[in-house]
Amino acid sequence: MGISTSDVARTAGAVALAGAGALAYASLVEVRWYTLRQVTVPVLPAGQDPLRILHLSDLHLTPGQRRKVDWVKDLASLDPHMVVDTGDNWAHLEAMPALLEALEPHLAVPGAFVLGSNDYIAPAPKNPARYLLPDARRRPAQTPPELPWRELTSRFRSAGWIDLTNRRDVLKVDGRVLSLVGTDDAHLDRDRFPDAGDADDARTGPTPVDLHLGITHAPYRRVLDAMHEDDVDLAIAGHTHGGQLALPFWGALVTNCDLDTRRAKGLHGWPGPRPDQPGGAGSTWMHVSAGLGTSPYAPVRFACRPEATLLTLVAP
C-alpha cells in the first residue's frame, strides 16, 4: 500500500505541531521552572560537621523578572554557611536594583564571587547555531555596551563577599578556615591562575586550613587543570547552562567551552571519574551549575531546568 499525499501532509503537520509545542514548553514553562538541586560532597576532614554552600550562577537577570527575584531571595531560608556566586549575574543595563534585591539576604552571609562575560558586557543578538561550532566566541561587528561591573564588584566587596578575580584569599566560615583560589572569565581569556605558595596562599600560613576551594565562571580545561594541580578539594563553576537545550536520556549537546558534554552540569570528577568511583582516585571533585537564566535573546530551556544548588560538604 502506497503513502498518499494526505498521509504525508498529516505527518508533516503532526511534526510541525510537536515542534511548536516543544518550543512553547521550552520558552514559556521550563525556562521559568526553577529548581533547587541538593548535592553532597565528601571533602571535609574526618570528624567535622557538614558545611552548606549555596551555589548561585548565571542569573542573567533583566528588569521585570519578578518571579526569579523572589525565588532567589527565598533561597535564604536554606540557611547556608556560605554563598558562592560564579557570575553572569545580569543581562541588562538597568538590572542592578533587581539583582541587589535578589541577592540582599545572601550578601549578609559569608561569600565569594567571580564574574562572567555577561557581567562585563551586555548580551547582543546572535545566531544560536554558533554554539554548535568548536569555538563560539566570534566577536560581534559592534562592541556591545559595558555593564557597570565595577559598581557591582564594589557592592559585593562592601557586603563582605570575597572577590576571587585571579587571586587567592581566606575565609572563616562556621569555625572552619577555607583557602580560596579563583580566576576571571576564561571565556573572555581573562583568566590568570595565581601562583601556588604566594603571599595570599592561606595554606602557607601558620593556621591549618580545613578546605581548599577553586571558583571560576567558565570551566575551561586549562582552568580545571590548574585547579587540579593546585590540589583544590572542590572546583565550582557555572557558564554552561547545562547545555540549555538537552535531549532527554542523552543530555547536553554543547557546553559553550571545551568541557565535555557529560560534565555540562552536576557533580563530577576532574580530570577522571569522580573520586568515589573506580579510576577516580586521582581526580578532583567538581561541581558545574546549570544556572538560573538564559540570554534574553535565547530565552528557552529544554530538558535542563534552571537551577541553584545547595552543596552540603561532609566528611567521608
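The values are calculated or read from the model by the stated rules, or taken from the named source; none is laboratory data. If you're wondering where the values come from, they're calculated on a predicted model, not measured in any experiment. Please note: Cβ atoms are built from the backbone with ideal geometry, for glycine as well, and neighbour counts cover all protein chains shown. When the accessible area is computed, the model is the full protein with side chains, heavy atoms only, and any ligands, DNA or RNA have been set aside. Shrake-Rupley method; radii C 1.70, N 1.55, O 1.52, S 1.80 Å.
Summary table below
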{"quantity": "Residues within segment 21-44 that are part of a helix (DSSP H, G or I) and more than 23 Å from R66 (Cβ to Cβ), tallied", "calculated": "3"}
{"quantity": "Test: residue in segment 57-74 that is among the small types (G, A, S), closer than 25 Å to D233 by Cα and touching a residue at least 12 places away in the same chain (Cβ under 8 Å)", "calculated": "yes"}
{"quantity": "Positions within segment 58-68 being over 16 Å from T309 (Cα atoms) and not in a helix (DSSP H, G or I), in sequence order", "calculated": "H60, L61, T62, P63, G64, Q65"}
{"quantity": "Segment 54-68, residues that are touching a strand residue (DSSP E or B) at 6+ places or on another chain (Cβ under 8 Å) and either within 20 Å of Y297 (Cβ to Cβ) or open to solvent by 10 Å² or more (accessible area, probe 1.4 Å) (or both)", "calculated": "S57, L59, H60, L61, T62, K68"}
{"quantity": "Answer from A235, A252, A290 - the residue that is buried (at least 21 other Cβ atoms within 10 Å of the Cβ), touching a strand residue (DSSP E or B) at 6+ places or on another chain (Cβ under 9 Å) and more than 19 Å from Q38 (Cα to Cα)", "calculated": "A252"}
{"quantity": "Options A124, A112; residue that is outside any helix (DSSP H, G or I) and at pLDDT below 95", "calculated": "A124"}
{"quantity": "Number of positions in segment 206-251 that are within 17 Å of the chain's Cα centre (by Cα) and among the hydrophobic types (A, V, I, L, M, F, W, C)", "calculated": "12"}
{"quantity": "Any hit, segment 276-296, residues being at pLDDT below 95 and under 21 Å from D185 (Cα atoms)", "calculated": "yes"}
{"quantity": "Segment 180-207 - residue that is assigned to a loop (DSSP other than H, G, I, E, B) and basic (K, R) and, of those, farthest from C257 (Cα to Cα)", "calculated": "R192"}
{"quantity": "So D225, is it at positive phi and open to solvent by 40 Å² or more (accessible area, probe 1.4 Å)", "calculated": "no"}
{"quantity": "Complete set of residues in segment 223-276 that are of a type in the set (K, R) and touching a residue at least 12 places away in the same chain (Cβ under 8 Å)", "calculated": "R263, K265"}
{"quantity": "Unmet criterion (only one of (1) under 30 Å from V31 (Cβ atoms); (2) in contact with a Lys or Arg (Cβ under 6 Å, 6 or more places away or on another chain); (3) surrounded by fewer than 20 Cβ atoms within 10 Å (Cβ to Cβ)) for G280", "calculated": "(1)"}
{"quantity": "Residue in segment 159-172 that is out of contact with any Ser or Thr (no Cβ under 9 Å at 6 or more places or on another chain), open to solvent by less than 40 Å² (accessible area, probe 1.4 Å) and farther than 10 Å from F113 by Cα present", "calculated": "no"}
{"quantity": "Counted residues, segment 304-316 - those being in contact with a helix residue (DSSP H, G or I) (Cβ under 8 Å, 6 or more places away or on another chain) and either crowded, with 19+ Cβ neighbours inside 10 Å or of a type in the set (D, E, K, R) (or both)", "calculated": "5"}
{"quantity": "In segment 69-101, residue surrounded by the fewest Cβ atoms within 10 Å (Cβ to Cβ) [restricted to those that are among the charged types (D, E, K, R) and part of a helix (DSSP H, G or I)]", "calculated": "D70"}
{"quantity": "Scope segment 102-116; condition surrounded by fewer than 23 Cβ atoms within 10 Å (Cβ to Cβ) and among the hydrophobic types (A, V, I, L, M, F, W, C); matching residues", "calculated": "L107, A108, V109"}
